[in-house]
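Comments concern the structure below.
The values are calculated or read from the model by the stated rules, or taken from the named source; none is laboratory data. Model, not experiment: these values are computed from the prediction. All Cβ positions, even for glycine, are placed from backbone atoms using ideal geometry, and neighbour counts span all protein chains on display.
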Amino acid sequence: MTRLKATFLVSRRLLAVASLCALAHAATPEAAFAHPQFVTRPYLMDVTTNSIAVLFVLAHEQPVVVTAVSPAHTAKRYERPASRVHEVVMDGLDVDTQYAYRVFVANDEIARGTFTTAPAAPDAPVNFLIYGDTRTNPAAHASVIRAMSDEAADFVLHTGDFIADGRRAESWATFFDVAAPLFASTPLIPTIGNHDLYAGAGLRNYRAHMRVAAGGSEHETYFVFRYGATVMISLDTEESLAPGEPQRVWLERALRSLRDDHAVKHIFAMMHHGPFSSGAHGGNPAIAGTDIEGLLRRDGVELVLSGHDHTYERGDASGLKYIVSGGDGAPLYFSNSEQPTQLAFSPVHHFVRVEIRGDEVRIAAIRTDGHTFDRCYFRGTRDPWHCTGGSSRGNVVRAASSSMSRYVIALGVVLVVAVAILARRGRNAKKKAS
């Protein structure tokens, strides 16, 4: 009985130490990227052929100057009056051109970065990254950011749920501190999630931290983003898409316009809670099986991108292909209901690289250690997935283990270690006694 009690006490101490280490590791990214001038470090959004926006929040109200210099040493200067929250649109830029930008306060440079404006040529190659559900674990989020920073991307799509509680301004600051190494030079394209909106109470903070293409929702929660011949339609799955509702009317009008635009080659739909998923949440009941699916198919949407379930999933729903990419900071979901649409499924921290070359769309799902675990391509709406090995199917993790089972396994390991430590102490005590 005494030995069992001692084992329990040792196990509890080991668990406490492990918890403190985890908390310290989780706090590291925020501290590492802190800067005395900033509450939120500079990040890029809303890139077009001749403009881009840099956003940041200062610790105190101050006027700022932002400069942008092209390779030909053509300089642009943008002055803004005193404020804490700055959203500086650098316009009048050249098409498909790389610039170096700097942020100044009182003639002191406090930040710098680079960016490239969007191409106008319809055959220009496009490279972008997808990830999402970064909510609660800054350390996990930082590991994904580090992995994505090794990629040459034109922009990054976030599938929503940036943070756990959209009402908390400090959580937004943490997100952008962790993501600063990437978004200081690569534009962010957002999708609003339920945790960001937080029943409407987080909308004010969301809007304060986002800038999206004009022409969509007045709240910046749905919009059309265009990059070369590729178009992203970002939707708000917390707002109704039923016939006659404002978002639905806007979506139908946007799809008609894109369908008639012969310069558009690829149309993707982005939404936080998508219609297809085998994860714990499953498909969005307000979309799955409704006429929205038919609308997206009819008007040429090739791929639906979503998050909400904290996994990676790739599939095909009667010709409407989809990818679920979430869990890059939120707890991973290990349940898998294996819906008939599913072709690949992995509960792992990851991101997705997308490369567009003419009619071909290539995807690669990549873990934080750089390992590619799913690689496929397709050409148009009628073409199925073509993947490594010649099949449309990829790796499917079928184990329906839960997060709790992982804790049980971890506790078992701790107990084994504790028993080994006690056994060694016992042997040492016997040696001393002899």
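List of remarks:
- Of A26, A31, A22, A18, all but one fail to be assigned to a helix (DSSP H, G or I), within 24 Å of Y206 (Cβ to Cβ) and at pLDDT below 95; the exception is A26.
- Among the residues listed as G215, G166, the single one being within 27 Å of P36 (Cα to Cα) and not in a helix (DSSP H, G or I): G166
- Scanning segment 304-333 for residues that are assigned to a strand (DSSP E or B) and over 18 Å from A288 (Cα atoms) yields one hit, Y312.
- Residue match in segment 327-346 (condition: without any contact (Cβ under 8 Å) to a residue 24 or more places away in the chain and within 29 Å of H262 (Cβ to Cβ)): no
- Contact annotation: residue pairs with Cβ atoms under 7 Å, 6 or more positions apart or on different chains, pairing a residue in segment 201-225 that is within 17 Å of M270 (Cα to Cα) with a partner that is surrounded by 21 or more Cβ atoms within 10 Å (Cβ to Cβ) and of a type in the set (S, T, Y), are G216/Y222; Y222/S234; F223/S234; F225/S234.
- Meets criteria (loosely packed, with under 15 Cβ neighbours inside 10 Å, of a type in the set (K, R) and touching a residue at least 40 places away in the same chain (Cβ under 8 Å)) for R256: yes
- Residue within segment 356-366 that is touching a helix residue (DSSP H, G or I) at 6+ places or on another chain (Cβ under 7 Å) and closer than 21 Å to I163 by Cβ present: no
- Just one of the numbered conditions (1) of a type in the set (A, V, I, L, M); (2) in a helix (DSSP H, G or I); (3) in contact with a His (Cβ under 6 Å, 6 or more places away or on another chain) is not true of A180: (3).
- Unmet requirement for T116, which otherwise passes all of (1) within 15 Å of D46 (Cα to Cα); (2) surrounded by 20 or more Cβ atoms within 10 Å (Cβ to Cβ): (2)
- Among the criteria (1) free of Cβ contacts under 8 Å to residues at least 40 places away in the same chain; (2) in contact with a Ser or Thr (Cβ under 6 Å, 6 or more places away or on another chain); (3) of a type in the set (S, T, N, Q), the one S234 does not fulfil is (1).
- Hey, A317 of a type in the set (A, V, I, L, M, F, W, C) and either more than 18 Å from T341 (Cα to Cα) or in contact with a strand residue (DSSP E or B) (Cβ under 6 Å, 6 or more places away or on another chain) (or both) or not: no
- Selected residue (only one of R357, R353, R362, R367 is over 19 Å from the mean Cα position of the chain (by Cα) and either of a type in the set (V, I, T) or surrounded by fewer than 20 Cβ atoms within 10 Å (Cβ to Cβ) (or both)): R357
- Top-ranked residue in segment 130-150 [being touching a strand residue (DSSP E or B) at 6+ places or on another chain (Cβ under 8 Å) and in a helix (DSSP H, G or I); ranked as surrounded by the most Cβ atoms within 10 Å (Cβ to Cβ)]: V144
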